[in-house]
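Right, one structure below, let's go through it.
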Amino acid sequence: MSRPDVDRLLLPDAEADVRPSPQGIAARRALLAHPVVLMVGIVLASVNMRAALASVSPLVSDISASFGLSSTASSLVTSVPVLFLGLGALVAPWLARRFGTEPVLLFALLLLAVGILVRVAPSAVALYGGGVLVGTAIALLNVLMPGLIKRDFPDRAASMTSVYTGAMIAGATVVAASSVPLEKAFGDSWEASLAVWSLLAVLAAVAWLPQVLIARGRTGHEVRVTSGAAASGSTGTGGAAASASPGRSVWRSALAWQVTFFMGLQSLWSYVLIAWMPTIFTDHGMSRSTAGVIFAFNNLIQVAGAFAVPLLAGRMRSQRPLIVLVTSLVAAGYVGLMVAPVSGAWLWAGVLGIGQGGAVGLALTLIVLRSGDARTAARLSGMAQTVGYLLAAIGPFAAGAVHQATGGWTVPIALVLGVCAAALAVGLFAARDRTV
């Protein structure tokens, strides 16, 4: 597949199976007439896509102490949102087709703000219930933001991808570094430290409101695209053309499952780190402030891998060397956390960050490269995100449970190394030069 073909398929669109109405096309043109408003909305929404998850990890010990939670119960604080990243991905395309992308994104940001506030209520039930809302909201953002960028910036999808992924990682970095200092500034209140990030979601919602108002009443769709309509070509500037016949279901494709499992396994090792990296450091004697800063550095360095690996992948017929590279980096970083977690903390955080960023970028690129057309890419993206995040939700919970049972981090890390081996095996199949 040539580079132009990759660029056309980049960022699968949640609305790929529907044709926009003339009013919908007019609405999109009106939105594009206000590029500053659109760009501000995209950046602020992207900043929120990891912030609510990254804010919890440096504070998990205080949260656990406040409610008297075991390591297993504490792991659910991060596992529950990840679980609903997968479940929320199931409904996101339907909501976008039914109500339009802009209103659903606005709803997601407001839901995120509410979920963050519910999560800090003085109740363990609210702690987990807020996680459900947070995970669902982020799932909607995860699924719909790439499609919106593909829809509104079809000729600049790659550059806009850098903007939105960069903003997402920058948000996680700032939040991770700020959580403990904010807690201290608010009188050792972890609740206030978490709650303050609801303001970030509200700010992003305010930025999306003009776009919703511009498109109000004009974001409808025509009938779902049929195979005949799909073959007829483009829907114009307002939407992605679905250009292939339905073909067989991606759920029946061995290659699709290989791509999906690689997505899920690399997500699993990342969410284990999101949940437990600062705790691993503090359990070995590091201060919470330093652990939070190193965790933020880990998030920041992911930009390098996320930027470089997809560019390399798009220029290779087989991505097997990249599969070996990213899994080896992650495995090496985890081994470092096992043998010298404090003395080599910065090194391991950097190695893991490059591997994590490269792996997620490669997983998303494989969805595109293994898809022969835009409709398949959209469906494979939905499958990979749904199953992948459901699989990833096991990671933080299992790591916490094994840590509680063994009293240390050696066995949990060894199990994640097994995940790396599985990701390497399935990734080598997913990286073959063929399409679903």
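The values are calculated or read from the model by the stated rules, or taken from the named source; none is laboratory data. Just so we're clear, the structure is a prediction, and the values are computed from it rather than from any experiment. Methodologically, a virtual Cβ is constructed for each residue, glycine included, from the backbone with ideal geometry; neighbour enumeration extends over all protein chains shown. All accessible areas refer to the heavy atoms of the entire protein, side chains included, with ligands and DNA or RNA removed. Shrake-Rupley method; radii C 1.70, N 1.55, O 1.52, S 1.80 Å.
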*Selection from region 60-75 of residues that are part of a helix (DSSP H, G or I) and either surrounded by fewer than 22 Cβ atoms within 10 Å (Cβ to Cβ) or out of contact with any helix residue (DSSP H, G or I) (no Cβ under 9 Å at 6 or more places or on another chain) (or both)*: 61, 62, 63, 64, 65, 66, 67, 71, 72, 73
*Filter region 123-168 down to residues that are modelled with pLDDT under 90 and of a type in the set (Val, Ile, Thr) and give me whichever is farthest from residue 89 (Cα to Cα).*
163
*Just for helices (runs of 4 or more DSSP H) wholly inside region 303-402: which have at least 1 residues that are charged (D, E, K, R) and either under 28 Å from residue 284 (Cα atoms) or touching a Lys or Arg at 6+ places or on another chain (Cβ under 8 Å) (or both)?*
320-339
*Kindly indicate whether any position in region 5-17 is at pLDDT below 90, of a type in the set (Asp, Glu) and open to solvent by 30 Å² or more (accessible area, probe 1.4 Å).*
yes
*Scan region 88-100 for residues that are touching a strand residue (DSSP E or B) at 6+ places or on another chain (Cβ under 7 Å) and not in a helix (DSSP H, G or I) and report the count.*
0
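Looking at 194, 182, can you tell me which residue is under 21 Å from the mean Cα position of the chain (by Cα) and part of a helix (DSSP H, G or I)?
Numbers: 182 fails: under 21 Å from the mean Cα position of the chain (by Cα).
Just a single option satisfies the conditions, and that option is 194.
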*Please enumerate the residues belonging to region 271-287 that are in a helix (DSSP H, G or I) and surrounded by fewer than 22 Cβ atoms within 10 Å (Cβ to Cβ).*
282, 283
*asked:* Given the condition hydroxyl-bearing (Ser, Thr, Tyr), open to solvent by 30 Å² or more (accessible area, probe 1.4 Å) and either without any contact (Cβ under 8 Å) to a residue 60 or more places away in the chain or assigned to a helix (DSSP H, G or I) (or both), answer yes or no: does some residue in region 101-120 qualify?
replied: no
*Kindly list the number of the only condition in (1) open to solvent by 50 Å² or more (accessible area, probe 1.4 Å); (2) hydrophobic (A, V, I, L, M, F, W, C); (3) closer than 16 Å to residue 172 by Cα that fails for residue 295.*
(1)
*Of 132, 143, 175, 125, which residue is buried (at least 23 other Cβ atoms within 10 Å of the Cβ), under 30 Å from residue 65 (Cβ atoms) and of a type in the set (Val, Ile, Thr)?*
175
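Can we say residue 364 is among the aliphatic types (A, V, I, L, M), more than 16 Å from the chain's Cα centre (by Cα) and open to solvent by 10 Å² or more (accessible area, probe 1.4 Å)?
no
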*Only one of (1) crowded, with 19+ Cβ neighbours inside 10 Å; (2) at negative phi is not met by residue 97, so which one is it?*
(1)
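Which members of region 381-436 meet the condition of being aromatic (Phe, Trp, Tyr) and open to solvent by less than 40 Å² (accessible area, probe 1.4 Å)?
389, 409
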*Can you tell me which residues in region 87-100 are touching a residue at least 24 places away in the same chain (Cβ under 8 Å) and closer than 24 Å to residue 210 by Cα?*
92, 93, 95, 96, 97, 99, 100
_Cβ-Cβ distance below 6 Å, separation of 6 or more or different chains: which pairs start in region 302-324 with a residue that is open to solvent by 80 Å² or more (accessible area, probe 1.4 Å) and end on one that is part of a helix (DSSP H, G or I)?_
320/428
*Just wondering, is there one or more residues in region 52-59 that are farther than 19 Å from residue 193 by Cα, modelled with pLDDT of 90 or more and open to solvent by less than 30 Å² (accessible area, probe 1.4 Å)?*
no
